[in-house]
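Peer 1: Let me give you the structure first, and then I'll get to my questions.
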Amino acid sequence: MKTKHRATATLTYVPFAEAPLYWECPVCGNLSGALVMADANTPCPRCGTAGVERRSFPNERLGHLDERIRKYHAESEWEIVVILGATFLETLLEDMLDRIMGAHGADVAVRSMVLDNVRAVGQRIGRLFPQLTGEEFEAAALEMGFRDFPKRWRRIREVRNAFIHDTQYREEIEALDAATALRTMELMDQAYSLFVSMNNKFVADGQRVRGAVQRP
Ligand SMILES: [Zn+2]
């Protein structure tokens, strides 16, 4: 009954038609969703830099994955939405951890070594994130207005893992339905705002400009 109630409650969500677009300042790493930022002549709201071409976020790889997931959702391919959606969120997290390390002076070799050594998503969230930022992921999410995000993300991972590893937990497998797919879409949509906020706090925090490694 509990599952049914939850499904009904969230089936009202309407996913974004497409991924939101942000612009990245190449100097400080700030991400802004304001359309005027597409114009390199608009000064960065964070560091004031103008006249330098900005990269778009999500990058082509993530944007393409996002597009495919939305298409599968429109085609009612619930299982694929949950599996790819969970992968998408993990890619976004890896991207952000990589950016945080890069912003604080870690070179590519160090960054890939760290990410290779901490492959499990749970550990990346529970151990690596706090080590790099000095804050728990849950606390940062709460501060940015996404209190339930970590818990709901964990739930999606559990469902995906149960499916992939062919577990005997029938209940988990049966949860790969329209309601779970819709919750995955909602998490993806929220992930953009959340990860951009985290980026602007932990990447574009002014340290990148000076190239300093030490934290305040
Ligand atoms: Zn900037």
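Peer 1: Any residue in segment 34-60 that's of a type in the set (Val, Ile, Thr): show its pairings with residues that are in a loop (DSSP other than H, G, I, E, B) and away from the ligand (no atom under 12 Å from the Cβ) at Cβ separation under 6 Å, as long as the two are six or more apart or on different chains.
Peer 2: none
Peer 1: Name the residue that is nearest to the ligand (Cβ to nearest atom), counting only residues in segment 62-78 that are outside any loop (DSSP other than H, G, I, E, B) and free of Cβ contacts under 8 Å to residues at least 24 places away in the same chain. Reasoning before the result, please.
Peer 2: First, pick out the residues of segment 62-78 that are outside any loop (DSSP other than H, G, I, E, B): 62-74, 78.
Among the residues that remain, those that are also free of Cβ contacts under 8 Å to residues at least 24 places away in the same chain are: 64, 68, 71-72, 74.
Numbers: 64: 26, 68: 31, 71: 34, 72: 36, 74: 36 Å.
That would be 64.
Peer 1: Scan segment 23-57 for residues that are under 18 Å from residue 202 (Cβ atoms) and surrounded by 19 or more Cβ atoms within 10 Å (Cβ to Cβ) and jot them down.
Peer 2: 24, 25, 28, 29, 30, 31, 32, 44, 57
Peer 1: Does any residue of segment 116-130 turn out to be outside any helix (DSSP H, G or I) and either of a type in the set (A, V, I, L, M, F, W, C) or in contact with a helix residue (DSSP H, G or I) (Cβ under 6 Å, 6 or more places away or on another chain) (or both)?
Peer 2: yes
Peer 1: Scan segment 93-118 for residues that are within 19 Å of residue 149 (Cβ to Cβ) and surrounded by fewer than 19 Cβ atoms within 10 Å (Cβ to Cβ) and jot them down.
Peer 2: The answer is 94, 95.
Peer 1: Under 6 Å by Cβ, and 6 or more places apart or on different chains, what pairs join a residue from segment 108-137 that is of a type in the set (Val, Ile, Thr) with one that is surrounded by 12 or more Cβ atoms within 10 Å (Cβ to Cβ)?
Peer 2: Cβ pairs passing all conditions: 118/124; 118/128; 121/90; 125/137; 133/202.
Peer 1: How about segment 92-110: which of its residues are in a helix (DSSP H, G or I) and in contact with a Lys or Arg (Cβ under 8 Å, 6 or more places away or on another chain)?
Peer 2: If the condition is that a residue be in a helix (DSSP H, G or I) and in contact with a Lys or Arg (Cβ under 8 Å, 6 or more places away or on another chain), then 93, 94, 97, 98, 101, 102, 103 are the ones that fit.
Peer 1: Can you tell me how many residues in segment 43-61 are in contact with a strand residue (DSSP E or B) (Cβ under 9 Å, 6 or more places away or on another chain), within 14 Å of the ligand (Cβ to nearest atom) and in a loop (DSSP other than H, G, I, E, B)?
Peer 2: Keep residues of segment 43-61 that are in contact with a strand residue (DSSP E or B) (Cβ under 9 Å, 6 or more places away or on another chain), which gives 44-46, 54-58.
Still in the running and within 14 Å of the ligand (Cβ to nearest atom): 44-46, 54-55, 57.
Restricting the remaining residues to those that are in a loop (DSSP other than H, G, I, E, B) gives 44-46, 54.
Residues in segment 43-61 being in contact with a strand residue (DSSP E or B) (Cβ under 9 Å, 6 or more places away or on another chain), within 14 Å of the ligand (Cβ to nearest atom) and in a loop (DSSP other than H, G, I, E, B): 4 in total.
Peer 1: Ok, one more. Under the condition of being in contact with a helix residue (DSSP H, G or I) (Cβ under 6 Å, 6 or more places away or on another chain) and closer than 19 Å to residue 61 by Cα, which residue from segment 23-40 is nearest to the ligand (Cβ to nearest atom)?
Peer 2: Out of the qualifying residues, it is 29.
Residues are listed down the side, and each one gets a yes or a no for (1) assigned to a loop (DSSP other than H, G, I, E, B); (2) closer than 18 Å to residue 77 by Cα; (3) at pLDDT below 95:
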position	(1), (2), (3)
135	yes, no, no
162	no, yes, yes
184	no, yes, no
194	no, no, no
204	yes, no, yes
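Peer 1: Sticking with this structure for a sec: Looking only at segment 73-88, decide whether some residue is under 19 Å from residue 193 (Cα atoms), modelled with pLDDT of 95 or more and among the polar types (S, T, N, Q).
Peer 2: Scanning segment 73-88 turns up at least one residue that is under 19 Å from residue 193 (Cα atoms), modelled with pLDDT of 95 or more and among the polar types (S, T, N, Q).
Peer 1: Could you identify the single residue in 114, 108, 82 that is under 18 Å from the mean Cα position of the chain (by Cα), away from the ligand (no atom under 16 Å from the Cβ) and on the phi < 0 side of the Ramachandran plot?
Peer 2: Being under 18 Å from the mean Cα position of the chain (by Cα), away from the ligand (no atom under 16 Å from the Cβ) and on the phi < 0 side of the Ramachandran plot holds for just one of 114, 108, 82, which is 82.
The values are calculated or read from the model by the stated rules, or taken from the named source; none is laboratory data. Just so it is clear, the structure is predicted and the values come from calculations on it, not from any experiment. With ideal geometry, Cβ positions are generated from the backbone for all residues, glycine too; neighbour counts draw on all protein chains shown.
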